[in-house]
Amino acid sequence: MSAFALQSCRDSHRVPNGSDAVAWLRERFAQARDAHAQLRIQGAGTHSQASSNVSSISMKDHAGIVEYDPSDLVVTVRSGTPLIELEHALACHGQMLAFEPVVRQINTVGGAVALGWSGSRRPYAGALRDHLIGIRLVDGQGRDLRFGGRVVKNVAGFDVARLAGGSRGMLGALLEVTLRVMPRPEAEVTVSTACAADKALALMLARGQGPGLLSGSVYVDGCLFLRYSGTSFSVQHALTTLGDNFNQVAEAHELWRGFVHQEHAFFSSKPGETLWRVSVRPDAPLHASTGAIDWAGGLRWCWMPNGNHELRAWARSHGGHAAPWVPQVGCDFHALSEGMTGLSYGLADIFDPYRIFDRSALQPVVKESAPCV
Ligand SMILES: Cc1cc2nc3c(=O)[nH]c(=O)nc-3n(C[C@H](O)[C@H](O)[C@H](O)COP(=O)(O)OP(=O)(O)OC[C@H]3O[C@@H](n4cnc5c(N)ncnc54)[C@H](O)[C@@H]3O)c2cc1C
């Protein structure tokens, strides 16, 4: 057995920054293949779980902005760059990442892309995947691959770059990602009204999705919150069409951050209960346990007694899926259907035929009665 295979989960290798990174990764991947060892690609490692037989490759030293011309509304960045630094660089030019990622002190751009999480702006500005227009990746065969590019209309053939959104390190190590950025709105105002969940859902649906002045709609604690973003004039005008039931919310930034980052009290753990993340068609009816609604109706959060898994079948019957969720930690697996499991394995095999990358996030088909956490 080689020295590499003997290494334990505590081994963490840090990729060098700059041009040496590809050769360094190729060597590690070849060693892992020869030793039949498993690797987990990490960003800052804020969430990667320890495992006795998986060594980690940390990308966090591979950092820095490669190219950013604000007039192009596109940025190319190394995957280990802390999101907070990227957000700061964009803010200096009045721009932002419109998919509203979770931004903490150290979490990386590569980690955000590989998780594919998008905040409340998603139904109006697009998901992370919609903003991901190019990637550079070293795959399991050591190939230095580039997909997509730096212009928004660059797609001919398969749009492979977007596969990296939510890929959780199973296709290879992301070296660089190119993201579309958006101008920060001149004005942003949040209003709220107290109402029942079914009325809130009806109001969300009536306002539709897609680009426009509405940039967030959330129902929590018996209140519907609507966020409007745009020029001062257009936002003020939109507010006049809402009627008297709505009040302007002070400290709205805290509310949206609290919801995107799951720091809002709704997400505080409840003894004997499990939080479920339910992704369904926005016009699906309300389940009796719905506690909060996001994404213009497409994302529902439900607290359920531990061991109750009925939401899985309910979500499936409404065109979606449901999974237990740990607030601020997430879900370590994709609850995939049989067809999607086969497709995901097939895709991972193209990039990683020797199966050196940890695939524990690919959960096999989930049966209604079986707990998966
Ligand atoms: C609302 C909310 C939801 C969250 N959801 C999740 C969740 O679903 N799952 C979760 O793990 N954490 C989740 N978190 C926890 C944490 O915020 C994220 O894990 C964090 O953004 C990840 O950043 P990181 O740089 O530490 O990545 P890491 O924790 O190091 O890695 C996260 C994932 O990305 C992959 N990855 C990282 N960098 C690369 C790269 N360069 N190339 C290829 N793959 C890479 C890793 O293999 C791993 O699968 C969530 C947090 C919040 C507040």
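The values are calculated or read from the model by the stated rules, or taken from the named source; none is laboratory data. Nothing here was measured: the structure is a model prediction, and the numbers come from that model. As a convention, Cβ positions derive from the backbone with ideal geometry for all residues, glycine included, and neighbour counts pool all protein chains shown.
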### Filtered residues of segment 230-244 (kept if more than 16 Å from residue 217 (Cα to Cα) and either in contact with a Ser or Thr (Cβ under 8 Å, 6 or more places away or on another chain) or not in a loop (DSSP other than H, G, I, E, B) (or both))
232, 233, 234, 236, 237, 240
#### Entry: Unmet requirement for residue 122, which otherwise passes all of (1) surrounded by fewer than 19 Cβ atoms within 10 Å (Cβ to Cβ); (2) within 14 Å of the ligand (Cβ to nearest atom); (3) within 23 Å of residue 260 (Cβ to Cβ); (4) charged (D, E, K, R)
(1)
### Query
What strands (runs of 3 or more DSSP E), lying completely within segment 125-199, carry at least 1 residues that are within 22 Å of residue 74 (Cβ to Cβ)?
132-139, 144-148, 172-180
### Task
Give 284, 252, 202 a once-over and let me know the one that is in contact with a His (Cβ under 8 Å, 6 or more places away or on another chain) and assigned by TED's automatic domain parsing to the domain that holds residue 309.
284
### Message
Out of everything in segment 52-105 that is among the polar types (S, T, N, Q) and assigned to a loop (DSSP other than H, G, I, E, B), what residue ends up being nearest to residue 229 (Cα to Cα)?
### Response
105
## Note on the structure
All conditions in (1) touching a helix residue (DSSP H, G or I) at 6+ places or on another chain (Cβ under 7 Å); (2) assigned to a loop (DSSP other than H, G, I, E, B) are true of residue 281 except (1)
## Note on the structure
When segment 160-179 is checked residue by residue, the ones that are more than 13 Å from the ligand (Cβ to nearest atom) and at pLDDT 95 or above are 178, 179
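Yes/no per residue for (1) more than 14 Å from the ligand (Cβ to nearest atom); (2) under 20 Å from residue 20 (Cβ atoms); (3) out of contact with any helix residue (DSSP H, G or I) (no Cβ under 6 Å at 6 or more places or on another chain):
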position: 71; (1), (2), (3): yes, no, yes
position: 93; (1), (2), (3): yes, no, no
position: 99; (1), (2), (3): no, no, no
position: 130; (1), (2), (3): yes, no, yes
position: 144; (1), (2), (3): no, yes, no
position: 158; (1), (2), (3): yes, no, yes
### Summary
Filter segment 313-344 for residues that are modelled with pLDDT under 90 and in a helix (DSSP H, G or I); the one that is nearest to residue 124 (Cα to Cα) is 316
### Query
Taking segment 213-247 only, how many residues are buried (at least 22 other Cβ atoms within 10 Å of the Cβ) and among the charged types (D, E, K, R)?
1
### Query
In this structure, does residue 348 turn out to be in contact (Cβ under 8 Å) with a residue 40 or more places away in the chain and hydrophobic (A, V, I, L, M, F, W, C)?
yes
### Summary
Looking across segment 24-51 at residues that are in contact with a Ser or Thr (Cβ under 7 Å, 6 or more places away or on another chain) and in a loop (DSSP other than H, G, I, E, B), the single one that is modelled with the lowest pLDDT is 48
